[in-house]
Amino acid sequence: MAKDNPFIVGKYLAPEYFCDREEETAFLRKQMQNGRNVALISPRRLGKTGLIHHFFNQADVKEQFYTFFIDIYATSSLTELVYMLGKAIFEQLKPRRTVWQERFLQVVSSLRVGFKLDTATGNPTFDIGLGDIQKPETTLGEIFRYLEEADRPCIIAIDEFQQVASYAERNTEALLRTYIQQCRQTLFIFSGSTRHLMTQMFNSPSKPFYQSAMGMTLLPLDRTVYASFARQQFGKGGRMLADGVAEQVYDNTEGYTWFMQMLMNELYSLTPQGSTCTPELIPNALTNIIQAQDGLYRELMAHLSIKQRQLLQAIAREGKVSGITSSAFMHRHHLPSASSVQSAARPLLEDDIITQTNGTYRLYDFFLSQWLRTVY
């Protein structure tokens with residue numbers, strides 16, 4: 001299906017709109033074909049979810065495996081995880097009308113109350129609420145047993161997997177590990193964006209998932225490869241992309257896929273068919289994006305303390321900061337004390353408003369950073 005704008009943001013549509021990741025796709029294929037689980041660690045907005053969907057979309061993968069994807073970022077309990085997993089499996093099976101679909105209703109008996117027949121079509125529907133899952137451990141065991149009985153291997157991708165470490169049920173990691181160890185033909189991609197939590201879960205000897213998966217770190221796309229992709233996408237739409245534009249976009253966003261795609265999407269929309277997109281359009285595109293986000297950003301700032309706002313503005317002015325408690329940094333931005341900076345930074349890190357990599361801090365949202373420089 002052709003799209004007016006080929007720079008897709010926030011979802012996976014088709015291979016022609018997806019840039020590269022050939023080596024990463026091949027790595028996932030090799031691990032799955034050899035029966036190895038994968039722990040995929042990447043900062044948010046770098047494209048890990050798109051990579052998983054792209055891998056699932058490969059012809060040989062679709063032929064060899066059943067694939068399921070759930071994002072548990074917003075979950076806070078085992079019950080919610082079980083609900084999302086059961087729903088994802090059933091919804092994918094729904095159009096197939098196979099024996100395997102019918103078997104789902106038999107094996108996952110604890111959810112049977114939630115399956116209804118649509119009076120118009122006669123098809124079964126998943127009509128269940130979180131409150132209907134009375135014993136999540138039992139239902140989870142039934143789901144895993146069902147997957148193991150499938151007529152081909154299954155791959156379950158669980159995005160933002162680090163969330164299970166904060167579930168109310170303290171034994172969730174151990175419980176999941178116990179079930180997963182028993183799987184013979186069900187494989188897992190554990191995807192997470194909080195590096196220190198994911199690393200601890202899979203590399204710490206005291207953790208249930210210690211050495212249970214092959215590690216995979218996602219890095220930014222190659223600059224030259226993305227620039228070539230961008231020029232091709234412009235060309236397909238009857239437009240030209242001047243030399244240096246894609247490279248400047250890449251540098252401005254440090255190669256973070258979501259932000260690059262958003263900026264290129266806006267640049268494409270500003271370039272009439274038959275015309276050339278030049279570097280002079282980049283400030284216009286950036287202004288349009290941050291203006292569209294202005295209301296959201298103001299709402300965000302309204303919910304922060306004054307110390308948090310001061311710290312955000314200071315980091316935004318410098319782009320990247322090594323040592324936010326250094327006397328030089330605090331003096332430049334009139335920050336009161338190291339303890340107040342630390343207390344302000346803690347919730348900002350927890351909420352992913354700022355990120356820290358190897359001691360260097362920056363705002364997670366590149367557009368928010370630009371907005372702060374111009375508005376505050």
Please enumerate the residues belonging to the range 25-49 that are crowded, with 21+ Cβ neighbours inside 10 Å and in a helix (DSSP H, G or I).
Leu28, Met32, Lys48, Thr49
For a quick check of your reading of the model, give me the residue pairs whose first member lies in the range 344-359 and is of a type outside the set (A, V, I, L, M) and modelled with pLDDT under 95, whose second is surrounded by fewer than 19 Cβ atoms within 10 Å (Cβ to Cβ) and part of a helix (DSSP H, G or I), with beta-carbon atoms closer than 7 Å and at least 6 apart or on different chains.
Gln356/Leu349
Could you check, for the range 221-229, whether at least one of its residues is within 19 Å of the chain's Cα centre (by Cα) and either exposed (fewer than 13 other Cβ atoms within 10 Å of the Cβ) or among the aliphatic types (A, V, I, L, M) (or both)?
yes
Candidates Phe144, Phe202, filtered to the one that is out of contact with any strand residue (DSSP E or B) (no Cβ under 6 Å at 6 or more places or on another chain), assigned to a helix (DSSP H, G or I) and either in contact (Cβ under 8 Å) with a residue 24 or more places away in the chain or of a type outside the set (S, T, N, Q) (or both):
Phe144
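Only one of Gly235, Gly215 is at negative phi, in a helix (DSSP H, G or I) and open to solvent by less than 70 Å² (accessible area, probe 1.4 Å); which?
On the way: Gly215 fails: in a helix (DSSP H, G or I).
None of the others qualify; the one that does is Gly235.
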Residue by residue through the range 324-338, note down the ones that are in a helix (DSSP H, G or I), open to solvent by 40 Å² or more (accessible area, probe 1.4 Å) and without any contact (Cβ under 8 Å) to a residue 12 or more places away in the chain.
Ser327, Ala328, His331
Looking at Arg45, Arg103, which one is farther than 28 Å from Thr257 by Cα and either within 19 Å of the chain's Cα centre (by Cα) or at pLDDT below 95 (or both)?
Arg103
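Against the definition (touching a residue at least 24 places away in the same chain (Cβ under 8 Å), open to solvent by 60 Å² or more (accessible area, probe 1.4 Å) and at negative phi), how does Arg362 come out, yes or no? Steps first, answer last, please.
On the way: touching a residue at least 24 places away in the same chain (Cβ under 8 Å): yes; open to solvent by 60 Å² or more (accessible area, probe 1.4 Å): no; at negative phi: yes.
It is false that Arg362 is touching a residue at least 24 places away in the same chain (Cβ under 8 Å), open to solvent by 60 Å² or more (accessible area, probe 1.4 Å) and at negative phi.
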Can you name the residue in the range 252-277 that is in a loop (DSSP other than H, G, I, E, B) and buried (at least 18 other Cβ atoms within 10 Å of the Cβ) and, of all such residues, is nearest to the chain's Cα centre (by Cα)?
Tyr256
Return only the number of the condition from (1) aromatic (Phe, Trp, Tyr); (2) closer than 30 Å to Asn34 by Cβ; (3) touching a residue at least 40 places away in the same chain (Cβ under 8 Å) that Tyr256 does not satisfy.
(2)
Among the candidates Val321, Val249, Val341, which residue alone is in contact (Cβ under 8 Å) with a residue 40 or more places away in the chain, β-branched (Val, Ile, Thr) and open to solvent by less than 20 Å² (accessible area, probe 1.4 Å)?
Val321
Selection from the range 179-211 of residues polar (S, T, N, Q) and surrounded by 13 or more Cβ atoms within 10 Å (Cβ to Cβ) yields Gln185, Thr186, Ser191, Ser193, Thr194, Thr199, Gln200, Asn203
So which pairs qualify, if the first residue must be in the range 24-53 and of a type in the set (Asp, Glu), the second must be open to solvent by less than 20 Å² (accessible area, probe 1.4 Å), the Cβ gap must be under 7 Å, and the two must be at least 6 apart or on different chains?
Glu24/Leu51; Glu24/Leu218
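The values are calculated or read from the model by the stated rules, or taken from the named source; none is laboratory data. Keep in mind the model is a prediction, meaning the values are calculated, not measured. Positions of Cβ are generated from backbone atoms using ideal geometry, with glycine treated the same way; all protein chains shown enter the neighbour counts. Just so you know, the surface numbers come from the protein's heavy atoms only, side chains and all, with ligands and any DNA or RNA stripped out. Shrake-Rupley method; radii C 1.70, N 1.55, O 1.52, S 1.80 Å.
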